[in-house]
Amino acid sequence: MTINVIEEADRIFKTWKEKVLPCDYIENGIMLWEGLAFCAVCDKLGITLVLESGVAGGRSTEILARYFDFDIKAVDDGKLYGMDRFNNTKKRLSKYPNVEMINGDSDILVPDLIHANKDKKIAVLIDGPKGNRAKHLAKICMRDKTVKFVAIHDTCRDYSYHNLDDMIGTFFYTDDPKFLKKYKFIDSGKDIYSEDGGGLGFVRNIKWNDINMSQKIRFISRRGIKKLKQDIILITGYPHNSFSKPLVQIKRFIDISRGKVIRKPK
Ligand SMILES: C[S@@+](CC[C@H](N)C(=O)[O-])C[C@H]1O[C@@H](n2cnc3c(N)ncnc32)[C@H](O)[C@@H]1O
């Protein structure tokens, strides 16, 4: 099943607006249009539980709590902004009976929560940790089939620009120009870094064998095909976040019929 996020957002927008708006901007929070996209994908995939990693002032949590009737379990370690902020947010969000705020490390708590909710269809929203740590957590979450998709924030920033492209299930980023043109107006608030928000990237929990050959080619093209020999593709590229590391070019031969990295074609 392919997901057209713009169509899904169009479909829910009237109801979403009635339930969620007005919603004041809270520092360090996600943008409303990012929340809209997340809610739209949850609806499309019939999600029945959201696990959130990274709450801070709780803007994302509040958007979700207002739109959904089902439970939102939101984890924050309180390290970045301190426990006072955690406790204040917990108090503020206590008016939503479907929100549970949990203090601790998501790397431990989110997999535990997935394990404890095997009867649910789960979506995971990660807005802390960031970058490769967020991707690592997403991969751990998606070991479990009950997790239908993961969205990671700040994946449209220079330091982690579209850095989910190497994940098979990646299907949307909220800096999509058509999406922004249509929905950017709903948030007049300001992100401290950029008016475009950090951007949410969306990854379905699918495996290589779940996708057809044209999807495989599309996936591989995102990473740069250099040479094609029968089913063998040479991919070259630079690791994301390489700004902080020496620029080492990756070279990989992939047998696309088997979805496997191989040593070298004979
Ligand atoms: C950008 S803020 C979240 C903003 C929030 N999503 C919103 O829209 O208002 C990131 C938060 O993630 C938390 N965080 C970072 N790494 C974490 C981890 N491993 N486990 C739990 N929380 C974490 C930080 O303490 C911080 O409060």
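Each value in this text was obtained by applying a stated rule to the coordinates, not by laboratory testing. Just so you know, these numbers come straight off a predicted model, no measurement behind them. Positions of Cβ are backbone-derived with ideal geometry, glycine not excepted, and every protein chain shown enters the neighbour counts.
Tabulated data for the structure shown
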quantity	calculated
Residues with amide H under 5 Å from that of R157, placed H, sequence gap 5 or more	H162
Ranked packing of 40-52, 115-127, most packed first, by mean Cβ within 10 Å	40-52, 115-127
Coarse-grained scattering of region 5-206 at q = 0.14, 0.15 Å⁻¹, given as base-10 log I(q)/I(0) from a Debye sum over alpha-carbon atoms	-0.74, -0.86
³J(HN,Hα) computed for each position of region 55-63 - Karplus, 6.51 cos²θ - 1.76 cosθ + 1.60, integer Hz, glycine/proline x	10, 6, x, x, 5, 4, 4, 5, 4
Three-way shape label, region 131-187, alpha-carbon gyration tensor, a/c 1.5	prolate
Beta bridges by DSSP in region 5-206, antiparallel share as percent, to the nearest 5	30 percent
Cα centroid separation, region 136-183 to region 1-44 (Å)	15 Å
Interchain or long-range residues, amide H under 5 Å from I102's placed H	A74, V75, D76
Region 169-178 - phi-based ³J(HN,Hα) in whole Hz, Karplus 6.51/-1.76/1.60, Gly and Pro as x	x, 5, 10, 6, 10, 6, 8, 3, x, 5
